[in-house]
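What follows is a single structure, written as structure tokens, with notes after it.
Every read-out reported here was derived from the displayed coordinates using simple, explicitly stated rules and does not represent laboratory data. Quick caveat, the model's predicted, so the values are computed rather than measured. Heads up, the Cβs are rebuilt from the backbone with ideal geometry, glycines too, and the neighbour counts pull from every protein chain shown.
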Amino acid sequence: MIISYCKAKNLDQYIDEMLGWKPGFEKGKDHFNYLIKKYNVTSKEIVFIGDSLNDARRALTSNVEFIGKIGLFSENDFKKIFKNGNIPLIKKLKEVKLLL
């Protein structure tokens, strides 16, 4: 569903991978290590877009750039995770292209 949405909104040109959950391959370190190895990049070259506070924490503890999607959690909720409160936030996925 998310892949179809991104294609319909011409966002797929900004996205290299959309990774889901499966046993032994969970959000966070598993995904980040996979991307680092596959694309020969550093953690700082990865941008993780997530809609939960756990997503934000995973990115922060892994030294991965993060964009929070407001919805399940508010702007203030996300800002509490980042000490300086400086976190890029979007309300709609199509806003991602404005941040990249």
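Before moving on, here are some points about what is shown:
- When only alpha carbons are used to place a centre, the stretch 42-82 and the stretch 1-26 end up 17 Å from one another.
- As a length-normalised measure over Cα pairs under 8 Å and 6 or more apart, the relative contact order of the chain settles at 21 percent.
- Rounded to the nearest 20, the size of the Cβ-charge dipole of the stretch 2-99 about its Cα centre is 100 debye, with Lys and Arg at +1 and Asp and Glu at -1.
- Amide H to amide H distances under 5 Å link Ile67 with Phe48, Ile49, Gly50, where only residues 5 or more positions off or on other chains count and H is placed in the peptide plane.
- Computed [θ] at 222 nm, deg cm²/dmol, the chain (DSSP H ≥ 4; -39,500 (n - 2.57); rounded to nearest 500): -10000 deg cm²/dmol
- Extent along the principal axes, Cα only, for the stretch 1-55: 29, 23, 20 Å, with the longest axis given first.
- Here the mean projected area of the convex hull built on the C-alpha positions of the chain is 6.5 nm².
- For the residue pairs Lys22/Lys83; Lys9/Lys92; Lys7/Lys29; Lys44/Lys97, the alpha carbons lie more than 21 Å apart in Lys22/Lys83; Lys7/Lys29.
- Ignoring aspartates and glutamates fewer than eight residues from Lys94 along the same chain, the ones with Cα atoms less than 12 angstrom from its Cα are Asp12.
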